[in-house]
Every structure is written in structure tokens, then in C-alpha cells.
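Quick note: the coordinates plus some simple rules give every number you see, no bench work behind them. Treat the numbers as computed from the prediction; the structure is a model and nothing was measured. Note that we place each Cβ from the backbone using ideal geometry, even for glycine, and neighbour counts take in every protein chain shown.
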Amino acid sequence: MKRNRIFMLIAALTLTLALAGCGEAPAPANDAQSEPMSETISTAPETELPGMSETMTATEAVKNYLQYFPMSRQGMIDQLSNLEGYSVEEATAGVDASDVDWYEQALRKAKGYLEAITYTPEELIDQLEYDKFTPEEAMYAATMAIEPDNDLPGMSESMTATEAVMNYLQYFPMSRQALIDQLSNLEGYSVEEATAGVDASGVDWNEQAVRQAKGQLNTMSYTRDELIDQLEYEKFTHEEAVYGVDHCGATW
């Protein structure tokens, strides 16, 4: 549950611009790839987010934040635990109880970036993953924000679920359950069709876990246990996550 690069937004300026409806401050055009924008919202000592109070539950704080700033699940947990005084456990429980559509948040975030800077789909996916959206959320948001009428490269309405699985895995390493969710929630297959297609694909999920682990390490530093947790968050089984971490080439 984590992710890499950036300019830190100055506290009061960020808040003032956001509330004025100006969106997020653009990074210099030449630095769009090397210096992604920060998701972290630093608050000045005298300035609070509108509607925030010390008596708010973590779930209420989540909903209050998301009125103003689209954020990822992990970004929200980090925000509440690092800057709002909630424990990691309280923040995690509050975020997971909030019933947020993180795909929707990723799309909001992507649209905000595109109002300020021109991105290629690959650059926008990298930026959203840096903001701690999952690869699936980032891919969906980038695709819908840049070319809302287009599908993932190679996708077609006539594809079987098994063909869709193989198409997805050309671009993004995913777990079995994440693929079932992706196909059934976003690609129009029933859960039964998605499950049958995934299971008929003959995919080596340990191999996908290795690919996912390598990708995670390309964007952020993890301890071994943190990376196992991250892969489990991406819906790999514990055994697959351990295998992926132990075979990704990292020296712990």
C-alpha cells in the first residue's frame, strides 16, 4: 500500500489554490516525468481543512478530505496517520469503512493533472501510481481521462474473458482476484464469466507476483514485510506474495 518522486506543495498555498478552484499547481512542463506532483497535503499550523475538527472520526475525516482532494486509499491512510493525529490502525479502519470508490478517486485525480500538464498515458499511470493508486486504478483512470472512448490496447467487445486476461497481463501484472474484479467490475463480464476466463488462462500467479514486486520496487523502497503486505493488498495470496518478494531479485 505505497509509492515515488516530486515537488512538495507548500501548505497554505496548496490549500488556498485548491479552495479557490484552481486545481493542483502544475509542475514545469519539462519535468512532468521526472518530477511528479505531490499528493501530500501539508497544512500550515494555523490553517485547517474546511470542516475538519478534532472530534471527527477517521471515517468522517476521509469524507471531508475527499470533498476537496481526490486521493488514493494508501495516500488517505498516510495523510490521516502522518498529519491528522490518527494512528495507522484508526486511519486504516476509517478509510476502509468509508466505502469510497477508489477508481473514481483515481479518475478525479487524473483529470486534475490533465488540467495542468500534458501527459502521455504511460506518464499519467506512473504519476497516479506514485500517488499510491493501484496499477489497476491508475490504468483505468489514465485510459478514461485521456481517451474516454478507448479501451485498453488490444481490447475488443468480442473478446472472451480468457483473451481479456491475456491482454491485460501484457501490460500489467495482476493477481487472480484482481483480474476477476477488473473483468467483472469494469469490462462487462459476469463474475462467473470472469472467474472461468481467469481460471482457464493457465496463468502462473507466482510469476505475476514476481512482476508486481519488481514494479513496486521500481517506484518505492520497501522492507520485505512491507512488500509482502503490498502484494497481499493487490490480492495475491500470502503464498504468492512471499514467492514474489523472495524471487524479485531484491537483497533484504
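Points worth noting:
- Label-to-label distance, Ala200 versus His238, with points set 7 angstrom from Cα along the beta-carbon direction: 3.3 nm.
- Straight-distance crosslink candidates among lysines, where the alpha carbon sits under 23 Å from Lys63 and sequence neighbours closer than 8 are dropped: Lys2, Lys109, Lys111, Lys132
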